[in-house]
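The block underneath contains the structure these notes are about, expressed in structure tokens.
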Amino acid sequence: QARLALGADERTIVVLYAGRLSFHAKAHPLAMYQALEASALRLPPGESVLLVECGWHANEAIANSYAAAAAMVCPHVRVLTLDGRQAEARQRAWAGADVFCSLSDNLQETFGLAPVEAMAAGLPVVSTDVGDVADMEDQVGFEHLF
């Protein structure tokens, strides 16, 4: 039901990013957008990628910047932004995802809870190697890929 609510069928790979959507304070989405675009272009015909950004922007200018960047950098990826402050949106995002992407790229993120939540939800985690994220690999079998 969650996948249907997200507009994803069985041929859609749903990638979830959950957390604040802030390119200056949390993480810049460029690397994720580039990787998802490259992945989308390699899929067999009829398969697609859906990126669910479940979080919140500090203001409308940042929201517009995210939308413009996604349209420019990953035009073959459908991007859906859900308000992560709403419990129903968070539940739909976690239940409908195939993989979780943690793109924290600054040292203020010493130990992100979102990758742990993703593992608890049974999702594979793709992550940067920043802060204590790498330490989770040894402790809980977490594997960072870039």
Could you check the spin-label model distance between ALA25 and ALA95? Points 7 Å from the Cα along Cα→Cβ, value in nm. 3.0
How would you classify the range 1-110 from its alpha-carbon gyration tensor, with a ≥ b ≥ c the square roots of the eigenvalues: rounded for a/c under 1.5, else prolate if a/b is greater than b/c, otherwise oblate? oblate
Area accessible to solvent at GLU47, 1.4 Å probe radius, in Å²: 70
Projected label distance in nm at SER39 and ALA2, using a 7 Å step from Cα toward the beta-carbon: 1.6
Report the trypsin sites (Lys or Arg not before Pro) located in the range 1-36 that are in a DSSP loop and have at most 12 other Cβ atoms inside 10 Å of their Cβ, or state none. ARG11
Computed from the beta carbon distance with a Förster radius of 22 Å, FRET efficiency for VAL116 and ASP9 to the nearest 0.05 stands at 0.15
Solvent-accessible area, 1.4 Å probe, carbon plus sulfur percent, for the range 42-82: 60
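The values are calculated or read from the model by the stated rules, or taken from the named source; none is laboratory data. Nothing here was measured: the structure is a model prediction, and the numbers come from that model. Cβ: placed from backbone, ideal geometry, glycine included. Neighbour counts: every protein chain shown. Remember, those area values only see protein heavy atoms, side chains included, never the ligands or the DNA or RNA. Shrake-Rupley method; radii C 1.70, N 1.55, O 1.52, S 1.80 Å.
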